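The values are calculated or read from the model by the stated rules, or taken from the named source; none is laboratory data. Predicted, not measured: the structure shown is a model, and the values here were computed from it. Because the Cβ atoms are built from the backbone with ideal geometry, glycine has one as well, and the counts that use them run over all protein chains shown. For the accessible areas, the whole protein counts, side chains as well, though only heavy atoms, and no ligand, DNA or RNA atoms are used. Shrake-Rupley method; radii C 1.70, N 1.55, O 1.52, S 1.80 Å.
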Amino acid sequence: MKYISTRGGINPISFTEAVMMGLAADGGLLLPDSIPSVDSATLDVWKDLSYPDLALKIMGLFIDDLSNEKLESIINNSYKNFDVPDVTPIVKVGKRFILELFHGPTLAFKDIALQVLGNLFSLLLKESGEKMNILGATSGDTGSAAIYGVKGKDNINIFILHPKGRVSKVQALQMTTVPEKNVFNLALKGNFDDCQAIVKAIFNQLDFKAQYRLGSINSINWARVLAQIVYYVYATLKVKRQTGDKAVNFSVPTGNFGDIFAGYIAKQIIRPNIEKLVLATNENNILTRFVLQGRYAKSKVIPTISPSMDIQVASNFERYLYYLYNQESERVKRSFMFLDKKDVIIINQEEQAKARRDFVSASIDQATTIKTIRDTYEETGYIIDPHTAVGVAAAERLKADLQNGPTVCLATAHPAKFPDALNNAIGKEPERPKSLEGIEDRPSRYEVLPAEVDAVKNYIVKHAL
Ligand SMILES: *Cc1c(COP(=O)(O)O)cnc(C)c1O
């Protein structure tokens, strides 16, 4: 299997080349040149596999330049730190299924992919003898999951920028209490947009990027999408077995379109086992407006109680558009040039109808999010985090569209990560998992810098491998 760019400007490359490239060299995103499908007889065999064994099968479909043994060891190393053997357990909460994706070291679903990416980087660097300096910005969950993916690994340093005082206390501590010497936390005197703009500016200085071999961990990396496809298939097989239904729906709290794009690929691979994908957004609803009105139009970011979804430009959206446009890369290119100039992409009626065959969508405001956490707790005793609540509320609102099978709601973070929102909703903080116990008492380490490109570059120059 080869990888191509959504904008058509690169020669096909292998999986490991795609992992190291991150963003395609022509500014597009990398995708496999075809999507494999798995028939029902094979699925029937796969339904009894453990999570790591299923991951090996599914990821193996997309990888042909890494031996099965190597892939297996990457997968096993990635999931042995999860606090449950089945990695992503499914629980029945009232009439709904909840897919718990928060059993990794930093208690958010990003661990599922970033553990794999960290181990992949580590192996590929060891084999090539190269070194890498990872640079990324975070508004909360990505930073700690990326740090836990590579902490203590040889040949990798990681520099994570976060806006000083603007990530939740727990999120900040998860990043800054990591003692490993290859981890550098930079608290910038600015907001998240400043951090992201600085990272982008530095990646655009191609000489600097090459000299310091800068690597990226954000969700444009294909390996992240690939690792996330696995739990959609896993949950589909488990839930179908439990209910006897022909197909299932998924409700996905969405920001960057990464997680739900993995669901979209899973839907192709195991057609017709996944019926609808619920694209659930908070008040930052550019993607909901896209599904409902056929217009992808940028607006300002609104801070909410589900901060990991406070995003206006969804970096993985380009991948979906490539398929919506029947793989016409010229058209993708034109659309993104237009977006740069006019802040909008508009699709035609036929494409709108096509999008609605796969997706339904709702935007959930903060009052409804809080009410959903409270109602779920009062009715079932189960505590959900604000991101998960957005997905649960959207599934409830759209239930008329979800009649052809049970709906699985993705629980993307552990509620203990968001004590303030939980206090507000149910008058108490959720019990803390072990990894957070006493986190306030651990030594914390970070560097405060002005929100300036040169300050960050100077810091990297001094501490890079
Ligand atoms: C990152 C994140 C999301 C959004 O995922 P995308 O892949 O960006 O759509 C949702 N919930 C939580 C808890 C997250 O950390």
Under a 1.4 Å probe, counting only protein heavy atoms, residue 426 has an accessible area in Å², nearest 10, of 30 Å²
If we count every other residue with Cβ under 13 angstrom of residue 413's Cβ, Lys/Arg +1 and Asp/Glu -1, where does the sum land?
-> -3
Place +1 on the Cβ of every Lys and Arg and -1 on the Cβ of every Asp and Glu in the stretch 73-141, take the dipole about the Cα centre, and give the residue among 124, 74, 109 whose Cα lies farthest towards its positive end.
-> 109
Would you work out the charge dipole size for the stretch 201-245 about its Cα centre, treating the Cβ of every Lys and Arg as +1 and the Cβ of every Asp and Glu as -1, and quote it to the nearest 20 debye?
-> 180 debye
Only Lys, Arg (+1) and Asp, Glu (-1) charged, at Cβ; the chain dipole about Cα centre in debye | 520 debye
Let me have the 222 nm mean residue ellipticity of the chain computed from DSSP H runs of 4+ only, each contributing -39500 (n - 2.57), with the sum over all residues rounded to the nearest 500.
-> -14000 deg cm²/dmol
For the stretch 56-133, what's the relative contact order in percent, using C-alpha pairs closer than 8 Å and at least 6 residues apart?
-> 22 percent
Result for the chain: accessible area per residue, probe 1.4 angstrom, in square angstrom, of 40 Å²
Only Lys, Arg (+1) and Asp, Glu (-1) charged, at Cβ; the stretch 388-440 dipole about Cα centre in debye = 140 debye
Under a straight-distance cross-link criterion of Cα-Cα below 19 Å, which lysines are reachable from residue 333, leaving out those fewer than 8 residues away in the same chain?
-> 298, 341, 342
If you average the sequence gap of Cα pairs under 8 Å that are 6 or more apart and divide by the length of the chain, what percent do you get for the contact order?
-> 19 percent
Any residue on another chain or 5+ positions along whose placed amide H is under 5 Å from the amide H of residue 215 is listed here as 133, 134, 135
For peptides 33-41, 373-381, 295-303, sequence by mean Cβ density within 10 Å, most packed first = 373-381, 295-303, 33-41
What's the center-to-center distance, using Cα atoms, between the stretch 173-236 and the stretch 366-424 in Å?
-> 28 Å
Could you give the Stokes-Einstein D for the chain in µm² per second, using the C-alpha Kirkwood radius, 20 °C, 1.002 mPa s?
-> 96 µm²/s
Would you tally the net charge around residue 170, using a Cβ to Cβ cut-off of less than 11 Å, leaving residue 170 out, and scoring K and R as +1, D and E as -1?
-> -1
With 18 Å as the limit, write out which pairs from 126/151; 2/47; 110/371; 238/267 have Cα-Cα distances beyond it, or answer none.
-> 2/47; 110/371
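Counting Lys +1, Arg +1, Asp -1, Glu -1, what net charge surrounds residue 132 among other residues with beta carbon under 10 Å of its beta carbon?
Details: positive: 131, 153, 213; negative: 130.
Within the 10 Å Cβ shell, the charges total +2.
Given the alpha-carbon gyration tensor of the stretch 46-97, what are the semi-axes of its equivalent ellipsoid in whole angstrom, ordered largest first, with each equal to the square root of 5 times an eigenvalue?
26, 13, 8
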Would you work out which of 56, 285, 144 lies farthest towards the positive end of the dipole of the chain, given +1 charges on the beta-carbon of Lys and Arg and -1 on that of Asp and Glu, about the Cα centre?
-> 285
Of the cross-linked pairs 200/276; 131/462; 92/300, which ones have a Cα-Cα span greater than 27 Å in the structure shown?
-> 200/276; 92/300
Which is farthest toward the positive dipole end of the stretch 207-354 among 219, 336, 312, measuring Cα position about the Cα centre, with Cβ charges +1 (Lys, Arg) and -1 (Asp, Glu)?
-> 219
On the full set of protein chains, 1.4 Å probe, figure out the accessible area of residue 441 and give it in Å² to the nearest 10.
-> 130 Å²
Can you pull out the trypsin sites (Lys or Arg not before Pro) in the stretch 408-452 that DSSP calls coil and that have at most 11 other Cβ atoms within 10 Å?
-> 428
